[in-house]
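What follows is a short report on a single structure.
Coordinate-derived values only; no laboratory data. Quantities reported herein were computed from a predicted structural model and do not represent experimental measurements. Virtual Cβ from ideal backbone geometry, glycine too; neighbours counted across all protein chains shown.
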Amino acid sequence: MIKINQLSKKYKGAEDYSVHNLDLTIEKGEIFGLLGPNGAGKTTLISMLSSLSKPSSGSFSIDGLNFQRNKSELKKLIGIVPQEYALYPSLTAYENLQYFGSMYGLKGALLKENIVGHLEILGLSAFADKKIANFSGGMKRRINLIASILHTPKVLFLDEPTVGVDVQSKNVIINYLKKLNANGTTILYTSHHLNEAEHFCTRVAIIDLGNIVCKGEPQTLIARQKDAKNLEDIFLDRTGKALRDYV
Amino acid sequence: MYRLWASAYKEFLLLTRDFGGLAILFLMPLLLVITITIIQDGTFKTLKETKIPILMVDLDKGDVSKNIHENLITSGQFEVAMRTDEKMVQELVQNGEYQLAIVIPENLSNDLNLKVSENVEGILEKFSMEEENIPMVKSKLEPKVVKLYFDPATQFSFRNTIKSGIDQMVSKIESQTIYKAFQEELTDDPSEQIFDTEAFIKFTEIVPGGGTEKAMIPSSTQHNIPAWTLFAIFFIILPLSINMVKEKNQGTFIRLRTSPVSYATVLGGKTVVFIIVALIQFALMLLVGVYLFPLIDLPELDVSGKLPLLFFVAFFAGLAAVGLGLLLGTVAKSQEQSAPFGATFVVILAALGGVWVPVFAMPRFMQALSNISPMNWGLNAFYDVFLRNVGLKELLPEITLLFLFFISTTVISIVYNERKNAV
């Protein structure tokens, strides 16, 4: 589904590559977790895959579409749930979804049906006509997710989709993502919640200094590593315990 | 097309949800145009109707100073208070308690009379047939200086107007003194009028092409509404650029960049809504000029037969303003960048455009710069319609420039956005 070939990104003025000669293949129907410390290159990789940032070198394709030749077609295939609440605070939940849905060409009854259906599933029907500014963090996260999946993307990129939300909202979001995946959506997800990734992802890759340091099914990785009880042990073993502060 | 209308609808919602911002967008320009017109009309009235309190020190105590005093009073422009101490009046003016003090020098009347008499006698002597006349010995009189003390805070234009008025008055007194001297030399009968002292050359102000009585002299309203409306229309760049910067900071712009929608469509949605805002602003300005101004004792705005052309110009002026707003919103990274820059830039464009000082009165270099100010093109187009009664054909050069400005700023925005995001 996603084929990444020798992909690199070096920002203007930066000394090091954020992503360096990265090769990765994500199969259709996978929930792939991209894990790594701060500054490892996770968000940069997702930015390149979702056309927000241009690679310095290398290439990738999604569902057979090359990123350079089929940019606009490729955009129709993907959905991105950014880390920040990418919503208009002064618009209602419905108005936000109506606008973002229409940007994917959805209109009329289909758009309305999609919005109402998703709001219902994610427990937000009662708040459809309320302004986003008054929503809690968990509610905003759910609307943020709906805005990215109204057009039923084949591939969904999620950048920390459960950061700063309560357990209930997190549970609803994860369950819904599993449902989407069961219906055929391939998911590429980044998170610092290693326990969540361990249970949610079919495969994970730990990325550090712009490249993949290990990848595989969470349980296989844990079983392979001596003394490892969970994904966090693997993570610390591969990326070290030093703080990763960067500016 | 559907995406464009969806974008426009979203912009409409964002604008109408910010009620305070919307009120500011419509009310502040109205407040601006009302305030400026009242002030400018008041200044005009000050010079024509209201009396300015001034001080006069008469060190001459003669006919000339008496004449100047009478002339100042009869001009209707001044309320003259007499003082005796020059130093004191200097202080009063310096402190701003009076805008002007006139000091008439000692012996002005005597010396003027003496000078004129000598000149008149000299002339008459030349015509005299008596060859045995003894040549006159001329007294060595120094030119007299009437001192004008101005409050340092008074504006240059005010000072010039007053100086020119006083200069005219003094010249008139001087010429009357000359006539009087001739009269006295040529006849012993004071009732005999040898000279007609009434001014022979008079002038009248006529606006070329003004067929009707009403179109003869444009009022301050007719000048102010187009200038300040244009200024207000260009202030649209502030809310527009702030709106765009907010989208970047909120993250909604990231969502749009990953959507299959072009930046041109996003900008198109904003253009549609902000053009409507500009036209509503313009309509409100016209309504104020036509209906409110007469109620507050200001000249009524005359829009008869001009409305379609006025809205045509307003549309293209609005487009130019929106184009500038789109460019600023695209380039600026924060509200701290866009707001002060936008506000200052509009003021600079207005100054260059001739909103405050007419372009012909600017230095040559500034006149050249003025030619590339969209506000100058807009103002000329408005003046063409409001004051010169031109048709669509004559407006086309300015309209074309405004449209090209919109196109070029929008294209630059799109190209800049593409390049910036291709990092």
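Using the Karplus curve 6.51 cos²θ - 1.76 cosθ + 1.60 with θ = phi - 60°, what ³J(HN,Hα) values do you get for each residue of the range B:149-155, in whole Hz, with x for Gly and Pro?
9, 10, 4, x, 7, 6, 6
Can you work out ³J(HN,Hα) from phi for every residue in the range B:157-166, in order, using Karplus 6.51 cos²θ - 1.76 cosθ + 1.60 and θ = phi - 60°, giving whole Hz and x for Gly and Pro?
Going residue by residue, I get 5, 5, 4, 5, 4, 5, 4, 5, x, 5 Hz, with x marking Gly and Pro.
I need the P(r) histogram for the range B:271-423: all alpha carbon pairs, bin width 5 Å from 0 out to the longest distance, whole percents.
2, 9, 14, 18, 20, 16, 11, 6, 3, 1, 0, 0
Mean-square fluctuation check for chain B, GNM, Cα pairs under 10 Å: which of B:Pro340, B:Pro294, B:Pro190 is largest?
B:Pro190
Per DSSP H run of n ≥ 4, the term is -39500 (n - 2.57); total these for the protein assembly as shown, divide by its residue number, and report the mean residue ellipticity at 222 nm rounded to 500 deg cm²/dmol.
For the protein assembly as shown, the value works out to -18000 deg cm²/dmol.
Which FRET efficiency, nearest 0.05, do B:Thr84 and B:Phe345 yield, Cβ-Cβ r, R0 56 Å?
0.55
Check B:Ala81: other-chain or 5+ apart residues with amide H under 5 Å from its amide H, H built from backbone geometry?
Hits under the 5 Å cutoff: B:Ile54, B:Leu55, B:Met56.
What percent do you get for the relative contact order of chain A when only Cα pairs under 8 Å and 6+ apart count?
Result for chain A is 27 percent.
Looking at the protein assembly as shown, what % of its DSSP beta bridges pair antiparallel, to the nearest 5?
Percent antiparallel among DSSP bridges in the protein assembly as shown is about 45.
If amide hydrogens are placed 1.01 Å from N in the peptide plane, which non-local residues have theirs closer than 5 Å to the one on A:Ile207?
A:Leu35, A:Gly36, A:Val213
Any idea how far apart A:Asp129 and B:Gln193 come out in nm if each label point goes 7 Å out from Cα toward Cβ?
Those two pseudo-labels are separated by 8.7 nm.
Calculate, axis by axis, the spread of Cα positions in the range B:24-119 along the three principal axes, and write the results as whole Å, longest axis first.
Here the spans come out as 69, 29, 19 Å, largest first.
Once label points are set 7 Å from the Cα along Cα→Cβ at both A:Thr202 and B:Trp5, what is their separation, rounded to one decimal in nm?
Placing both labels 7 Å along Cα→Cβ, they lie 4.1 nm apart.
How big is the dipole moment of chain B about its Cα centre under a simple scheme where the beta carbon of each Lys and Arg is +1, that of each Asp and Glu is -1, and everything else is neutral? Debye, nearest 20, please.
Value, rounded to 20: 3960 debye.
Nearest 10 degrees, 0 to 90: what angle lies between the long axis of helix B:63-74 and the longest principal axis of chain B (Cα atoms)?
30 degrees
What is the magnitude of the charge dipole of chain A about its Cα centre, with +1 placed on the Cβ of each Lys and Arg, -1 on the Cβ of each Asp and Glu, and no other charges, expressed in debye to the nearest 20? Present the calculation step by step, with values, prior to reporting the outcome.
Values: 30 positive and 24 negative charges, 112 e Å.
In debye, rounded to 20, chain A gives about 540.
Taking only Cα atoms, what is the 0 to 90° angle, nearest 10, from helix B:335-353's long axis to the longest principal axis of chain B?
40 degrees
Rounded to the nearest 0.05, what FRET efficiency do B:Phe26 and B:Glu394 give with R0 = 30 Å and r taken as the Cβ-Cβ distance? Could you check? Spell out each step's value before the answer.
Values: r = 31 Å, r/R0 = 1.03.
Efficiency for this residue pair is about 0.45.
Where Rh denotes the Kirkwood radius from the mean inverse Cα pair distance, what is Rg over Rh for the range B:264-360?
1.04
Compute the relative contact order of the range B:52-186 as a whole-number percentage, counting only Cα pairs closer than 8 Å that sit 6 or more residues apart in sequence.
Taking the mean separation of contacting Cα pairs over the length of the range B:52-186, I get 31 percent.
Distance cut-off 25 Å, Cα to Cα: go down the list A:Lys3/A:Lys229; A:Lys9/B:Lys248; A:Lys154/A:Lys229 and report the pairs above it.
The answer is A:Lys3/A:Lys229; A:Lys154/A:Lys229.
With r defined as the distance between the Cβ atoms of A:Glu15 and B:Asn249 and R0 fixed at 22 Å, what FRET efficiency is calculated, to the nearest 0.05? Could the numbers behind the result be given before it?
Details: r = 28 Å, r/R0 = 1.26.
For A:Glu15 and B:Asn249, the calculated efficiency is 0.20.
Strictly over 18 Å apart at the Cα level, which of A:Lys54/A:Lys140; B:Lys10/B:Lys333; A:Lys71/A:Lys112; A:Lys130/B:Lys333; A:Lys71/A:Lys179; B:Lys61/B:Lys144 would you flag in this model?
A:Lys54/A:Lys140; B:Lys10/B:Lys333; A:Lys71/A:Lys112; A:Lys130/B:Lys333; A:Lys71/A:Lys179
Compare the peptides A:99-112, A:200-213 by average per-residue count of other Cβ atoms within 10 angstrom and give them in order, highest first.
Per-residue mean Cβ counts within 10 Å order the peptides as A:200-213, A:99-112.
With just the Cα atoms of the range B:52-186, tell me how far they stretch along each of the three principal axes, in Å, largest first.
Taking the Cα atoms of the range B:52-186, the three principal extents are 61, 26, 23 Å.
By counting other Cβ atoms within 10 Å of each Cβ, how are B:Glu79, A:Glu198 ranked from fewest to most?
The fewest-first ordering by Cβ neighbours comes to B:Glu79, A:Glu198.
List the residues whose amide H sits under 5 Å from the amide H of B:Glu300, counting only those 5 or more places along or on another chain, with H placed 1.01 Å from N in the peptide plane.
Amide H to amide H, under 5 Å and 5 or more residues apart or across chains, B:Glu300 pairs with nothing.
Starting from the Cα of A:Lys76, draw a straight line to each of the aspartates and glutamates and keep only those under 13 Å, dropping any in the same chain fewer than 8 residues away.
In chain and number order, the partners are A:Asp63.
Under a crude label model (7 Å from the Cα following the beta-carbon direction), how far is B:Ser262 from B:Gln155 in nanometres?
Taking the two extended label points, one gets 4.8 nm.
Quick one, what does Rg over Rh come out to for chain B if you take C-alpha atoms and the Kirkwood Rh?
1.17
Taking every eigenvalue of the Cα gyration tensor of the range A:82-134, multiplying by 5 and rooting it, what semi-axes result, largest first, whole Å?
Semi-axes (√(5λ), whole Å): 17, 14, 10.
Percentage of Cα-Cα pair distances in chain A greater than 22 Å, rounded to whole percent?
Roughly 55 percent, once rounded to a whole number.
When the scattering of the protein assembly as shown is computed by the Debye formula from its Cα atoms alone, each counted once and equally, what is log10 I(q)/I(0) at q = 0.05, 0.09, 0.11 Å⁻¹?
Results for the protein assembly as shown at q = 0.05, 0.09, 0.11 Å⁻¹ read -0.44, -0.89, -1.12.
Give me a single rounded figure for A:81-90: the average over its residues of other chain Cβ atoms within 10 Å of their Cβ.
The shielding value for this peptide is 5.
Work out the mean other chain Cβ neighbour count within 10 Å for the residues of B:259-271 and drop it here as an integer. Each step should come with its number before you reach the end.
Values: counts 15, 13, 7, 1, 0, 0, 1, 1, 0, 0, 1, 0, 0.
If you average over the peptide's residues, the count of other-chain Cβ atoms is 3.
Neighbour counts of other C-beta atoms within 10 Å: give me B:Ser413, A:Ser136, A:Ser56 arranged from fewest to most. Walk me through the intermediate numbers first.
On the way: B:Ser413 23, A:Ser136 12, A:Ser56 17.
Ranking B:Ser413, A:Ser136, A:Ser56 by Cβ neighbours within 10 Å, fewest first, gives A:Ser136, A:Ser56, B:Ser413.
So which lysines can B:Lys393 reach, going by Cα to Cα under 26 Å and dropping same-chain residues fewer than 8 places off?
Here the lysines satisfying the reach criterion relative to B:Lys393 are B:Lys214, B:Lys306.
Apply the Karplus curve 6.51 cos²θ - 1.76 cosθ + 1.60, θ = phi - 60°, to the phi angles in the range B:277-285 and return the couplings in whole Hz, x for Gly and Pro.
4, 4, 5, 5, 4, 5, 4, 5, 4
Give the lysines reachable from B:Lys140 as a straight Cα distance under 16 Å; neighbours fewer than 8 places away on the same chain don't count.
B:Lys115
Of B:Ile276, B:Thr330, B:Phe315, which is farthest along the charge dipole of the range B:236-333 in the positive direction, counting Lys and Arg as +1 and Asp and Glu as -1 at C-beta?
B:Thr330
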